[in-house]
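Structure first, commentary second.
The values are calculated or read from the model by the stated rules, or taken from the named source; none is laboratory data. Keep in mind it's a predicted model, so treat the numbers as computed, not measured. So basically every Cβ, Gly included, is an ideal-geometry build from the backbone, and we count neighbours across all protein chains shown.
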Ligand code: ADP
Ligand code: GLC
């Protein structure tokens, strides 16, 4: 059980959480924000599925807390709900155990299965709170997988002590919404017919949208940067929900993500060849750069700038721009290290460049935590040219590790990376606005110019970035204030 404090009680409901399961930034936030809220005096429980892929070492630490049967679906079929629990640094983690839904290799296995899985998960999360008699002030739900929580709370759970809890739904990525046939969602959610009309789930005569329904019913909506909060109210970024979001905008705030500065601490990072802080970054970064290149089979020695990229390889991340200018980046003084998996189109493009520019390009097509740390530390600059980016954590980690980001001015990238200004000698990185290969190339070339011709200014930026506050502290306080507003 979570420790009792006089602060607010908050339940986090989401589909992934580091270190148990992580496929992207949602997993990082589900880990770091509860810890930051605990430091602010809150009592936090995180509820997530007990996927089969959770490493055995974590499963062994969990204890069985209880189980019950829960009705789900239009026909009222009953399903087992087991609760496995563990505690880490003051945060309680409750895992929803049901082999029928979660016994797959990965968390996400395709929408046809994911819709039933997350309908069940959303309802089971509330049923677990009820079972444990732990009634939160706020139930903080994340992305479409937890979007039915606000609806269940106001319908199926209206008649129990949980009804006093407020719900908050955070949009981490509006591109994924949980859209399916109306009958499929009606059947698996077991929610009443009236909700399948236009203001709530309905998209058109055939389809229903889980995220849309959740956003309509949540007491509060947040997203992960102020700029993305504005962007998603426009047709360009709204993923067809811009009008819906404009309608609900009075209940919406943008609060920028942070990173966990204990995990991302270059002075204590055991995964690095040479841990460092701001006082010795310049020498030690060089050691990390050499170690990284040696590990990856790249040419070592002076005179070359290393560009890093750690990312899901999808259209969101602006990789078509990188692909388009790759030959122009490779000017003989530049090396590129890519770590990621995803769309075969990008995986193959980067493999091709590795072959073509042997010794200067590494395409590491895989998911690898250790290597990610070594790239953040060993690269000179870091590419995040996203088409859209709700917040983005990689540019924050890069800055923390004294690596200069090259980003597109969108979403959280715009809010966290101040453009370099040579005259004032300020800023954190190199930015571009319009989504064109030429604009990205210009930003990369600007970075190269400063790196090769004005090293004192570059080095000052490296140090400035390391000292920038990218922790969760300020943002956790903003969430807390919003929770309090909801309870008032
Ligand atoms: P998104 O959630 O859209 O993928 P974020 O920038 O918010 O993007 O978060 C990505 C997180 O996943 C970061 O912690 C990053 O280091 C990590 N990551 C992405 N790809 C890989 C990879 N191939 N190996 C290791 N870590 C990765
Ligand atoms: C999503 C977004 C990313 C954000 C992360 C955590 O995956 O793509 O921009 O940083 O969620 O909020």
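Being away from ligand 2 (no atom under 11 Å from the Cβ), under 22 Å from residue 61 (Cβ atoms) and in contact with a strand residue (DSSP E or B) (Cβ under 6 Å, 6 or more places away or on another chain) is the filter here; which residues of the stretch 10-30 pass it?
Residues satisfying the conditions are 11, 12, 13, 17.
I'd like the residue in the stretch 27-74 that is free of Cβ contacts under 8 Å to residues at least 40 places away in the same chain and closer than 30 Å to residue 186 by Cα and, out of all such residues, is surrounded by the fewest Cβ atoms within 10 Å (Cβ to Cβ). Let's see the steps before the verdict.
Taking the stretch 27-74 as the starting set, the residues that turn out to be free of Cβ contacts under 8 Å to residues at least 40 places away in the same chain are 27, 41, 55-64, 67, 69.
Add one more test, that the residue is closer than 30 Å to residue 186 by Cα, and what stays is 27, 67, 69.
Working: 27: 20, 67: 15, 69: 10.
Here the residue is 69.
In the stretch 406-434, what residues are part of a strand (DSSP E or B) and in contact (Cβ under 8 Å) with a residue 60 or more places away in the chain?
Correct list: 406, 408.
Could you tell me whether the stretch 143-165 includes any residue that is within 16 Å of ligand 1 (Cβ to nearest atom), part of a loop (DSSP other than H, G, I, E, B), on the phi > 0 side of the Ramachandran plot and in contact (Cβ under 8 Å) with a residue 24 or more places away in the chain?
For the stretch 143-165, residues within 16 Å of ligand 1 (Cβ to nearest atom), part of a loop (DSSP other than H, G, I, E, B), on the phi > 0 side of the Ramachandran plot and in contact (Cβ under 8 Å) with a residue 24 or more places away in the chain: present.
With respect to residue 388, determine if the residue is within 23 Å of the chain's Cα centre (by Cα), more than 16 Å from ligand 2 (Cβ to nearest atom), at pLDDT 95 or above and more than 20 Å from residue 296 (Cβ to Cβ). Please lay out each step first, then the result.
Numbers: within 23 Å of the chain's Cα centre (by Cα): yes; more than 16 Å from ligand 2 (Cβ to nearest atom): no; at pLDDT 95 or above: yes; more than 20 Å from residue 296 (Cβ to Cβ): yes.
The answer is no for residue 388.
Among the residues in the stretch 187-209, are any surrounded by 19 or more Cβ atoms within 10 Å (Cβ to Cβ), closer than 26 Å to residue 388 by Cβ and in contact (Cβ under 8 Å) with a residue 60 or more places away in the chain?
No: the stretch 187-209 contains no residue that is surrounded by 19 or more Cβ atoms within 10 Å (Cβ to Cβ), closer than 26 Å to residue 388 by Cβ and in contact (Cβ under 8 Å) with a residue 60 or more places away in the chain.
May I ask you to list the residues in the stretch 171-186 that are in contact with a strand residue (DSSP E or B) (Cβ under 8 Å, 6 or more places away or on another chain) and free of Cβ contacts under 8 Å to residues at least 60 places away in the same chain?
181, 182
Tally up the residues in the stretch 404-442 that are under 20 Å from the mean Cα position of the chain (by Cα) and either buried (at least 23 other Cβ atoms within 10 Å of the Cβ) or within 22 Å of residue 263 (Cα to Cα) (or both), please. Show your work before the answer.
Step one: list which residues in the stretch 404-442 are under 20 Å from the mean Cα position of the chain (by Cα), which gives 405-417.
Okay, now just the ones that are also either buried (at least 23 other Cβ atoms within 10 Å of the Cβ) or within 22 Å of residue 263 (Cα to Cα) (or both), so 405-408, 410-413, 416-417.
Residues flagged as under 20 Å from the mean Cα position of the chain (by Cα) and either buried (at least 23 other Cβ atoms within 10 Å of the Cβ) or within 22 Å of residue 263 (Cα to Cα) (or both) within the stretch 404-442 amount to 10.
Looking only at the stretch 250-271, decide whether some residue is away from ligand 1 (no atom under 16 Å from the Cβ), free of Cβ contacts under 8 Å to residues at least 40 places away in the same chain, over 28 Å from residue 35 (Cβ atoms) and in the same structural domain as residue 79 (by TED's automatic domain parsing).
Checked against the condition, which is being away from ligand 1 (no atom under 16 Å from the Cβ), free of Cβ contacts under 8 Å to residues at least 40 places away in the same chain, over 28 Å from residue 35 (Cβ atoms) and in the same structural domain as residue 79 (by TED's automatic domain parsing), the stretch 250-271 yields at least one hit.
Against the definition (more than 16 Å from ligand 2 (Cβ to nearest atom), surrounded by fewer than 23 Cβ atoms within 10 Å (Cβ to Cβ) and over 27 Å from the mean Cα position of the chain (by Cα)), how does residue 86 come out, yes or no? Steps first, answer last, please.
Details: more than 16 Å from ligand 2 (Cβ to nearest atom): yes; surrounded by fewer than 23 Cβ atoms within 10 Å (Cβ to Cβ): yes; over 27 Å from the mean Cα position of the chain (by Cα): no.
For residue 86, the condition - more than 16 Å from ligand 2 (Cβ to nearest atom), surrounded by fewer than 23 Cβ atoms within 10 Å (Cβ to Cβ) and over 27 Å from the mean Cα position of the chain (by Cα) - is not met.
Out of 336, 384, report the one residue that is within 17 Å of residue 440 (Cα to Cα), buried (at least 24 other Cβ atoms within 10 Å of the Cβ) and near ligand 1 (Cβ under 10 Å from one of its atoms).
Numbers: 336 fails: near ligand 1 (Cβ under 10 Å from one of its atoms).
That would be 384, the only listed residue that is within 17 Å of residue 440 (Cα to Cα), buried (at least 24 other Cβ atoms within 10 Å of the Cβ) and near ligand 1 (Cβ under 10 Å from one of its atoms).
Can you confirm whether residue 70 is part of a loop (DSSP other than H, G, I, E, B), in contact with a helix residue (DSSP H, G or I) (Cβ under 7 Å, 6 or more places away or on another chain) and farther than 30 Å from residue 317 by Cα? Steps first, answer last, please.
Values: part of a loop (DSSP other than H, G, I, E, B): no; in contact with a helix residue (DSSP H, G or I) (Cβ under 7 Å, 6 or more places away or on another chain): yes; farther than 30 Å from residue 317 by Cα: yes.
Criteria not met by residue 70.
Which pairs have Cβ atoms under 8 Å, sit 6 or more apart or on different chains, and link a residue in the stretch 292-312 that is more than 22 Å from residue 445 (Cα to Cα) and touching a residue at least 24 places away in the same chain (Cβ under 8 Å) to one that is within 16 Å of ligand 1 (Cβ to nearest atom) and part of a loop (DSSP other than H, G, I, E, B)?
292/379; 312/23; 312/24
Quick one: count up the residues across the stretch 38-53 that are under 17 Å from residue 129 (Cβ atoms) and either away from ligand 2 (no atom under 16 Å from the Cβ) or part of a helix (DSSP H, G or I) (or both).
Our first condition is that a residue be under 17 Å from residue 129 (Cβ atoms); within the stretch 38-53, this holds for 42-50.
Within this subset, residues satisfying the condition of being either away from ligand 2 (no atom under 16 Å from the Cβ) or part of a helix (DSSP H, G or I) (or both) are 42-45, 47, 49-50.
Counting residues in the stretch 38-53 that are under 17 Å from residue 129 (Cβ atoms) and either away from ligand 2 (no atom under 16 Å from the Cβ) or part of a helix (DSSP H, G or I) (or both) gives 7.
Residue 339 - would you say it is under 19 Å from residue 315 (Cβ atoms) and not assigned by TED's automatic domain parsing to the domain that holds residue 22?
Working: under 19 Å from residue 315 (Cβ atoms): yes; not assigned by TED's automatic domain parsing to the domain that holds residue 22: yes.
For residue 339, the condition - under 19 Å from residue 315 (Cβ atoms) and not assigned by TED's automatic domain parsing to the domain that holds residue 22 - is met.
Can you pull out the residues in the stretch 360-391 that are under 24 Å from residue 284 (Cβ atoms) and in a loop (DSSP other than H, G, I, E, B)?
In the first step, residues of the stretch 360-391 are kept if they are under 24 Å from residue 284 (Cβ atoms); the result is 360, 362, 364, 368-384.
Scanning the stretch 360-391 gives 360, 368, 379, 380.
Among the residues of the stretch 108-137, write down those that are touching a strand residue (DSSP E or B) at 6+ places or on another chain (Cβ under 7 Å) and either in a strand (DSSP E or B) or modelled with pLDDT under 95 (or both).
Within the stretch 108-137, just 111 meets the criteria.
Assigned to a loop (DSSP other than H, G, I, E, B) and either within 16 Å of ligand 1 (Cβ to nearest atom) or buried (at least 19 other Cβ atoms within 10 Å of the Cβ) (or both): is that true of residue 174 in this structure?
Values: assigned to a loop (DSSP other than H, G, I, E, B): yes; either within 16 Å of ligand 1 (Cβ to nearest atom) or buried (at least 19 other Cβ atoms within 10 Å of the Cβ) (or both): yes.
Spelling it out, residue 174 is indeed assigned to a loop (DSSP other than H, G, I, E, B) and either within 16 Å of ligand 1 (Cβ to nearest atom) or buried (at least 19 other Cβ atoms within 10 Å of the Cβ) (or both).
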